[in-house]
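Beneath this line is the structure, given in structure tokens, with notes to follow.
The values are calculated or read from the model by the stated rules, or taken from the named source; none is laboratory data. This is a predicted model, so every value here is computed, not measured. Neighbour counts run over all protein chains shown; Cβ positions are idealised from the backbone, glycine included. Please note that ligands, DNA and RNA were not included when accessible areas were found on the heavy atoms of the full protein model with its side chains. Shrake-Rupley method; radii C 1.70, N 1.55, O 1.52, S 1.80 Å.
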Amino acid sequence: MKTVYIVGAGVISSLACGLEATEAALRTGRSGIGASSLFSLPLAPELPVGQASCLSEKNSDSDDMPRCHRLALLAAEQAVAMAGEKPRTLVVGCTTGGILTSENFFWRDDFFAPENESASFNAHVKAKYRRHGLTTVAEEIARRFGCPGPALTVSTACSSGAAAIALALALLRSGQATTALAGGVDSLSRLTCFGFHSLQLVDVAGCKPLDKNRRGINVAEGAAFLFLTTKKPRQCLGVVAGAGLSCDAYHASAPHPQGLGARAAMAMAIQDAGLKPEEIDYINLHGTGTADNDAAEAMAIAALFAAPPPLSSIKGATGHSLAACGGIEAVVSALAGRKGFIPGTTGCREPDAALGIRPQLSLQEAKITHVLSNSFGFGGNNAALVISQVDEGATALGDALADAENIADNFLAVYEYAAVSGVGLTKETLLSLQSGQPVAGRIAPERLCADLPQRAVRRLGRLTKLALTLAEEAVPVATSGIESIFWGSGWGALSETYNFLRGLAESAGRFTSPIDFVGSTHNSAAGRVAIEYQAQGKNLSFSGGDASFEQALFAAQTMIGNTEKALLLAADEGHDRFSPLFDPSIHPDAPLADGGGGFFVGRDRRGAKCLMRLDFLGHDDETPLVNLCKNSFGVAWLTRYCAAIFAGIPQARQAEGERRLSEFLAEFNDMPVLRHRNLTGEFATAQAMAAALAVSSIEAAHIPGALFSDRRDDTILSSGQGILLLGFGTMTSIVRLVKV
Amino acid sequence: MNALLEELKEKLISLLNLSDIRPENFDENAQLVGGELGIDSIDVLEMVVMVEKDYGVVINNQEIGKEVFSSLASLARYIESHRKMA
């Protein structure tokens with residue numbers, strides 16, 4: 001098995017900038033929490049925040065790079081400088097993206113005023129929002145360093161940073177990555193600050209983790225990345241020895257009261273590192289300072305550890321930096337081991353005796369080998385990491401590793417599939433598509449989740465209903481045995497985000513909807529599906545622009561164990577105002593399309609309708625597509641087994657996409673090509689719908705000639721033959737779907 | 001008071017999207033939170049915002065909140081008495 005070394009790290013928080021300054025600040029026990037200078041709303045309460053003071057408030061007028069991107073670049077530069085090389089793969093945990101900049105424009109342009117509700121207004125301001133999407137943060141880092149590999153964006157709320165590191169660990173161990181920059185970033189924003197406030201989860205007197213008078217969090221910002229490699233270095237900051245991911249499958253925002261999911265993630269991380277709980281020297285708590293989190297986390301620890309090791313939370317020092325905190329605390333965990341100290345719990349004065357665990361109040365010198373670092377988030381998303389100071393490959397084999405090593409190739413077996421489009425559910429969608437008819441449009445809302453009791457879905461927005469419908473269409477709950485959920489959405493829950501921000505604007509900061517805030521998180525759909533299926537395994541959400549489906553697929557094929565069953569889902573909602581504003585491929589005057597695809601997947605090939613694998617995802621625009629295929633699976637498959645190509649060329653990438661496609665096709669005589677966005681319409685996860693069409697064709701062993709604009713004869717497929725699904729977004733993607 | 005009760009029934013049905021019940025079937029004395037309607041802590045917070053926005057009545061204490069949101073009738077009583085005080 002491969003050891004994953006930390007050879008570089010970068011960190012920015014409200015406390016400090018850089019490794020040395022962060023250690024120095026932790027040693028003083030001071031807090032970075034204070035007033036924000038980034039935005040103010042006339043009627044809103046003053047909320048203390050953790051603002052990264054090392055980053056200037058405004059960048060130069062000529063540069064409109066959002067604050068989140070600037071934080072990410074700064075931390076990435078530190079990590080890359082320390083490692084002395086460029087990373088090939090990026091895994092970025094993020095929940096805010098360019099939202100702060102978007103908010104600034106909304107407020108300045110009076111975006112939510114009724115008189116500005118028009119396509120022409122949208123068209124006029126659209127260019128300002130080009131860095132709104134979460135994926136643009138990872139893209140910016142990839143551009144800065146010229147990373148040729150995939151730039152993945154994990155968005156699992158407050159566990160994003162740790163979940164990103166867990167995914168990077170899996171990619172490196174499986175050999176699908178050799179070097180990776182992984183961590184998290186978030187900037188302050190109105191949405192998150194007033195969202196948590198609407199849930200009464202902000203402590204206006206300052207965060208006091210594990211204190212008996214704790215009242216909540218202080219929203220903060222920051223960024224942190226680990227530079228990870230499987231090449232044995234001369235020296236390193238430590239190793240990522242293990243990771244555990246779980247889902248509570250319990251509630252949209254509250255943790256399981258006994259911390260069952262948290263406990264499972266911790267147990268898994270420790271086992272994955274080949275350790276026993278008693279070998280952990282220090283637990284870096286999630287420790288947010290909310291009544292519920294600290295109580296649930298304490299119960300989970302009490303259940304897992306006979307005698308818990310020293311533990312502490314640094315959230316009172318840094319604030320709660322959402323997606324960044326998992327990255328920041330992974331860096332602090334490495335520092336704690338390397339430099340031999342246990343950070344204190346800034347803000348905690350009277351530890352809550354009822355918790356049954358007693359935090360380390362002030363920093364103490366200690367010899368630390370193995371640190372367990374926890375990050376939990378909305379949607380019941382739990383991630384735990386073990387950061388160790390061992391080398392020489394001293395970490396032992398865990399179960400997850402054994403799985404990864406045993407998998408000969410990582411094709412996923414697809415047992416069932418689903419699609420939702422403008423013409424209806426799976427059957428209607430695929431009938432139309434197979435006859436070459438367009439399905440673009442938006443399905444009527446009453447057709448979504450029609451089989452579920454109204455009360456169970458009353459709080460759900462369109463995107464979550466799309467996800468639940470895809471899941472139900474793919475596999476009924478009762479028979480599924482689904483453990484894990486992999487979810488992709490280019491733009492997330494636009495309805496809830498829009499409603500929340502409009503409410504905030506209209507009330508000048510006074511009144512906001514907690515239901516909209518909870519629903520607005522990118523992983524709320526996957527969290528809700530997990531509740532429906534009681535899926536308590538891995539739960540990962542991706543927001544990777546036009547490659548969101550491919551990113552979820554990549555994680556699924558990397559992380560699903562030999563006996564595991566999972567749902568792979570991807571969808572986007574067409575929102576009247578936000579979709580044409582944010583998505584560069586959606587013309588402000590064009591009718592909207594939405595929907596997606598869903599797949600019931602696992603490893604066991606018995607009963608599989610099709611096999612599916614992501615063979616390439618990345619920015620390598622220099623290398624011809626045919627060579628990317630050659631490097632990945634050899635050109636013989638293309639000439640002998642490939643029966644058709646489904647090409648997803650987003651409108652905004654038309655010229656470049658067509659150029660690359662025609663260059664590719666020149667190598668193959670008379671290959672049938674479907675440009676599927678002509679049928680699906682323009683939305684980020686159109687690839688998932690096309691994948692469902694491919695699976696259905698392979699199941700029927702029959703590719704209808706009507707799919708192709710040059711009206712070909714139908715093709716009969718035999719075993720080993722398949723369809724190549726290409727994506728021409730900001731990243732290029734190559735997926736093979738093969739008949740068993 | 002009765003007018004307020006009827007108004008609140010309509011408001012909660014729309015605010016919490018309880019579209020499967022009608023105002024005339026909304027039992028004002030039934031357990032509101034954690035009862036048959038499936039109303040939970042997030043809904044309570046949503047109602048807190050509505051009560052402040054529409055009636056100018058602030059409920060920012062969990063203990064009081066528990067009592068206030070025990071039923072629709074108690075919510076109406078609380079709004080009624082605190083509106084008068086204002």
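Brief remarks on what is shown
- Here the spin labels are modelled as points 7 Å beyond Cα on the Cα-Cβ line, and at A:Ala291 and A:Asp576 they lie 4.0 nm apart.
- Solvent exposure, largest accessible area first (probe 1.4 Å, DNA, RNA and ligands not counted), of A:His522, A:His197: A:His197, A:His522
- Each Lys and Arg contributes +1 and each Asp and Glu -1, all at the Cβ; summed about the Cα centre of the protein assembly as shown, the dipole is approximately 1320 debye.
- Gained length - A:Ala81 relative to A:Leu431, 0.36 nm times residue gap less alpha-carbon distance: 120.6 nm
- For B:Lys53 and A:Lys339, a Förster radius of 51 Å and the Cβ-Cβ distance give a FRET efficiency of 0.50, rounded to the nearest 0.05.
- Residues of the range A:438-463 that bury at least 30 Å² of accessible area when the other protein chains are present, relative to the chain alone (probe 1.4 Å, heavy atoms, ligands and nucleic acids excluded): A:Gln454, A:Arg455, A:Arg458, A:Arg459.
- Cross-link pairs A:Lys232/A:Lys276; A:Lys58/A:Lys465; A:Lys126/B:Lys9; A:Lys465/B:Lys11; A:Lys231/A:Lys315; A:Lys276/A:Lys465 - those with Cα-Cα distance over 30 Å: A:Lys58/A:Lys465; A:Lys126/B:Lys9; A:Lys231/A:Lys315; A:Lys276/A:Lys465
- Per-selection Rg to Rh, the range B:2-82 - Cα, Kirkwood hydrodynamic radius: 0.91
- Calculated [θ] (222 nm, deg cm²/dmol) that DSSP helices of n ≥ 4 give over chain B, each run adding -39,500 (n - 2.57): -18000 deg cm²/dmol
- Phi to ³J(HN,Hα) by Karplus 6.51 cos²θ - 1.76 cosθ + 1.60 over the range A:614-627, Hz, x for Gly, Pro: 7, 9, 8, 8, x, 9, 6, 7, 6, 6, x, 3, 5, 6
- R0 of 25 Å, Cβ-Cβ distance A:Glu506-A:Phe105: FRET efficiency to nearest 0.05: 0.90
- Rounded to the nearest 20, the size of the Cβ-charge dipole of the range B:2-82 about its Cα centre is 140 debye, with Lys and Arg at +1 and Asp and Glu at -1.
- Mean sequence separation of contacting Cα pairs (under 8 Å, at least six apart), scaled by the length of the range A:308-364, corresponds to a relative contact order of 47 percent.
- Those residues of the range A:485-518 for which accessible area with every protein chain present is at least 30 Å² below the isolated value (1.4 Å probe): A:Phe511, A:Pro514, A:Ile515
- Working from Cα pairs under 8 Å separated by at least six residues, relative contact order for chain A is 15 percent.
- 0 to 90° range, to nearest 10: angle between helix A:686-699 axis and chain A longest Cα axis: 50 degrees
- Nearest-10 value in Å² for the accessible area of A:Arg577, using the 1.4 Å probe: 20 Å²
- Calculated FRET efficiency for the pair A:Asp409/A:Ala113, C-beta based, R₀ 60 Å, to 0.05: 0.60
- Whole-number percent relative contact order across the range A:659-717, with pairs defined as alpha carbons under 8 Å at least 6 apart: 25 percent
- Considering only chain A, percent of DSSP beta bridges that pair antiparallel, nearest 5: 70 percent
- Paramagnetic label reach from A:Ala307 (point 7 Å along Cα→Cβ; backbone nitrogen cut-off under 15 Å): within the range A:341-373, residues A:358.
- Residue-level accessible surface for B:Arg83, protein heavy atoms, 1.4 Å, Å²: 100 Å²
- Positive-end residue of A:Ile33, A:Pro343, A:Pro438, charge dipole of the protein assembly as shown with Cβ unit charges: A:Pro343
- Split the accessible area of the range B:2-82 by element, probe 1.4 Å, and carbon with sulfur accounts for 45%.
- Angle of helix A:494-506 to the longest C-alpha principal axis of chain A, folded into 0 to 90 degrees and rounded to 10: 50°.
- Probe 1.4 Å, protein heavy atoms only - accessible area per residue of the protein assembly as shown in square angstrom: 35 Å²
- For chain A, the share of accessible area belonging to carbon and sulfur comes to 49 percent (1.4 Å probe, ligands and nucleic acids excluded).
- Here the spin labels are modelled as points 7 Å beyond Cα on the Cα-Cβ line, and at B:Met1 and B:Arg22 they lie 2.7 nm apart.
- In Å², nearest 10: area of A:Ser53 left accessible to a 1.4 Å probe: 100 Å²
- Residues in the range A:370-376 carry Karplus couplings, in order, of 10, 10, 9, 10, 9, 9, 10 Hz; the curve used is 6.51 cos²θ - 1.76 cosθ + 1.60 with θ = phi - 60°, and Gly or Pro positions show x.
- Between A and B, accessible area buried - total, square angstrom, nearest 100, 1.4 angstrom probe: 1700 Å²
- Using the Cβ of A:Phe549 as centre and a radius below 14 Å, the other residues enclosed give a net charge of -2, where K and R count +1 and D and E count -1.
- Relative to the Cα centre, the charge distribution of the range A:532-687, modelled as +1 at Lys and Arg Cβ and -1 at Asp and Glu Cβ, gives a dipole magnitude of about 800 debye.
- Between the listed residues A:Ser495, A:Leu540, A:Thr464, the Cα displaced farthest toward the positive end of the dipole of the range A:413-561, a dipole computed from Cβ unit charges relative to the Cα centre, is found at A:Ser495.
- Stretched out straight at 0.36 nm per residue, the stretch from A:Asn669 to A:Met1 would grow longer than its current Cα-Cα span by 236.2 nm.
- Nearest-ten-degree value, helix B:41-55 long axis tilted from longest Cα axis of chain B: 50 degrees
- Reciprocal of mean inverse Cα separation for chain A (Kirkwood radius, Å): 25.3 Å
- For B:34-45, mean number of other protein chain Cβ atoms within 10 Å: 4
- Among A:328-334, A:253-259, A:437-443, A:314-320, the order from most to least packed when residues are scored by Cβ within 10 Å on average: A:314-320, A:328-334, A:253-259, A:437-443
- Cα convex hull volume per residue for the range A:641-682 (Å³): 66 Å³
- Once the partner protein chains are put back, the range B:47-86 shows a loss of at least 30 square angstrom of accessible area, versus the chain by itself, at B:Val49, B:Glu52, B:Lys53 (probe 1.4 Å, ligands and nucleic acids excluded).
- 9 Å beta-carbon shell around A:Phe376, net charge (K/R +1, D/E -1): -2
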